[in-house]
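The values are calculated or read from the model by the stated rules, or taken from the named source; none is laboratory data. The model shown is predicted, which means the values in this text are computed figures rather than measured ones. Cβ sites come from the backbone with ideal geometry, for glycine too, and all protein chains shown count toward neighbours. Keep in mind that these areas ignore ligands, DNA and RNA; they rest on the heavy atoms of the full protein, side chains included. Shrake-Rupley method; radii C 1.70, N 1.55, O 1.52, S 1.80 Å.
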Amino acid sequence: RFYFFLVCFMAAMLGLVFSDNLLCLFVFWELTSITSYGLIGTNHESKEARASALKALLVTGGGGLVLLAGVLLLGIAGGSFELSTLLNHPYYAAILACVAIGCFTKSAQFPFHFWLPDAMAAPTPVSAYLHSATMVKAGIFLLARLFPALGGTPAWTWTLSIFGATTLLVGGFLAVFQTDLKRVLAYSTVSALGALTLLLGLGSSKALAAFSVFLVAHALYKGALFMLAGAVDHETGTRDAEKLSGLRAAMPKTAVIAGLAALCLAGAGPLFSFIGKEMLFEAVLGSGNAILIVAAVFSGALFVAVAAIVGFKPFWGAQTPHD
C-alpha cells in the first residue's frame with residue numbers, strides 16, 4: 001500500500017509539473033493531496049497519523065477548491081485554459097486572491113503553515129520526498145508558472161512579499177524551539193517556502209534567479225536531512241534532540257553526512273546552498289525594503305541555529321546511553 005501511494009503521488013506530481021492546461025493541472029493538483037493523505041496516514045493504526053493525514057487533506061483540499069475558482073476565472077477571462085496563451089484577465093484581483101489562497105495552503109504559507117509539522121507523522125521517506133522537495137513546492141511551482149500572467153503588479157508584489165516574509169520568520173522562529181528532529185526540519189521547510197514566495201513576490205531578474213537556485217538547493221539538503229533524522233530514529237528509538245548526543249562514535253558515517261547537510265542548511269561556503277543564500281540576500285537588498293532585509297538576515301541566523309540542532313547536536317558531545 002505504501003509503495004502504491006508513493007508511485008501514484010510521483011505520477012501526480014509529474015503530471016502537475018508538465019501540464020499546460022489549467023484544468024488538467026488542477027486534477028493532478030488534487031491527486032497529490034489525495035495520495036499524500038494515504039502516505040501521511042500510512043501508520044493507520046495510529047490516532048496521531050490519522051488525524052495528521054486528515055488535517056493535511058482538509059487544508060490542502062480546501063485550498064484546492066478556492067484555487068479551482070481562480071482557475072475557472074482565469075480561463076474564462078483569458079478565453080483559454082492553456083497556460084501558454086493566458087495573458088489578459090479583467091478579474092485580476094479575484095483571480096489573484098483565489099490562486100494565492102490555493103497555493104498558500106499547498107505550500108504551508110502563514111497562516112496555513114500548521115498542517116506541515118503535523119504531517120511528520122508520515123514515514124521518513126514520505127517526509128523527505130513530499131514535504132521537502134515535491135508536494136509543498138507545488139504551490140510555489142504554480143505561482144512561478146503563473147508569474148507571466150499574474151506577476152509584476154503591486155498587488156502581486158505586496159501579497160507574496162508580505163506573506164512570504166512572515167512565513168520566513170515564523171517558520172524559522174518556531175523551528176529553533178522544537179525538540180523533535182523532524183518537526184525542526186518541518187518548520188525550517190516552512191521558512192524556506194516563505195523565502196521562495198518572497199522571491200517570487202519581488203519578481204526582479206535577480207530574485208527569479210535566486211528563486212531557481214534556492215529551490216534546487218533546498219530540495220537537495222532538506223531531503224538528506226529528513227532521511228538522516230529517520231536513520232537516527234531507527235537506530236536510537238527517539239528523535240528528541242534533547243536526548244541525543246555523542247552518536248558520532250556509533251554512527252560515524254551518518255555524522256559526517258549530517259554535518260555536510262547541516263552546513264548546506266546553514267548556507268556555508270563554498271557549498272551550492274551558499275550561492276542560493278547569497279543570491280537571496282542580493283535580491284532582497286535590491287528591493288530597498290528595510291523590513292524585508294531585516295527578515296532575510298534574521299532568518300539566515302535562524303537557519304544556522306537549526307543546522308546546529310539537527311546536524312551537530314545529536315552527534316557531538318558526551319554520548320547519551322540508549323536502550
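Below is a table of values for the structure above.
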quantity	calculated
Relative pair counts by distance (%), Cα atoms of the stretch 1-154, 10 Å bins	12, 43, 30, 13, 3
The stretch 249-263 - phi-based ³J(HN,Hα) in whole Hz, Karplus 6.51/-1.76/1.60, Gly and Pro as x	5, 8, 9, x, 5, 4, 4, 5, 5, 4, x, 5, 5, 5, 5
Kirkwood hydrodynamic radius (C-alpha pairs) into Stokes-Einstein, the stretch 192-295, 10 °C and 1.306 mPa s, D in µm²/s	105
Isotropic mean projected area of the C-alpha convex hull, the stretch 12-81 (nm²)	4.4
Accessible-area composition of the stretch 169-234, carbon plus sulfur, in percent [1.4 Å probe]	71
The chain: angle of helix 135-145 to the longest principal axis, Cα-based, in degrees nearest 10	30
Using alpha-carbon coordinates, inclination of helix 92-106 to the longest axis of the chain, degrees	20
By accessible area with a 1.4 Å probe, ligands and nucleic acids excluded, highest first: order of ARG239, ARG50	ARG50, ARG239
Span from the the stretch 12-82 Cα centroid across to the the stretch 84-138 one, whole angstrom	9
Gyration tensor verdict on the stretch 108-191 (Cα atoms; rounded if a/c is under 1.5, prolate if a/b is larger than b/c, oblate otherwise)	oblate
Ellipticity estimate at 222 nm from DSSP helix runs (n ≥ 4, -39,500 (n - 2.57)) divided over the chain, nearest 500	-24500 deg cm²/dmol
Carbon + sulfur, % of accessible area of the stretch 1-145 - ligands and nucleic acids excluded, 1.4 Å	72
Taking N as its residue count, the alpha carbon Rg of the stretch 58-140 over 2.2 N^0.38 Å	1.25
Fraction of accessible area attributable to carbon and sulfur, the stretch 237-283 (%, probe 1.4 Å)	66
Fully extended contour minus Cα-Cα distance, from TRP158 to SER212, at 0.36 nm per residue	17.4 nm
THR179/LEU260 FRET efficiency (R0 25 Å; Cβ-Cβ; nearest 0.05)	0.60
Accessible area in square angstrom per residue, the chain, 1.4 angstrom probe	41
Peptides 241-249, 113-121 ordered by average Cβ neighbours within 10 Å, highest first	113-121, 241-249
At R0 = 22 Å, FRET efficiency that the Cβ-Cβ distance of LEU72 and ILE34 yields, to 0.05	0.60
Answer label, with Cα Rg over 2.2 N^0.38 Å calculated from the coordinates and candidates (1) 0.99; (2) 1.04; (3) 1.12	(1)
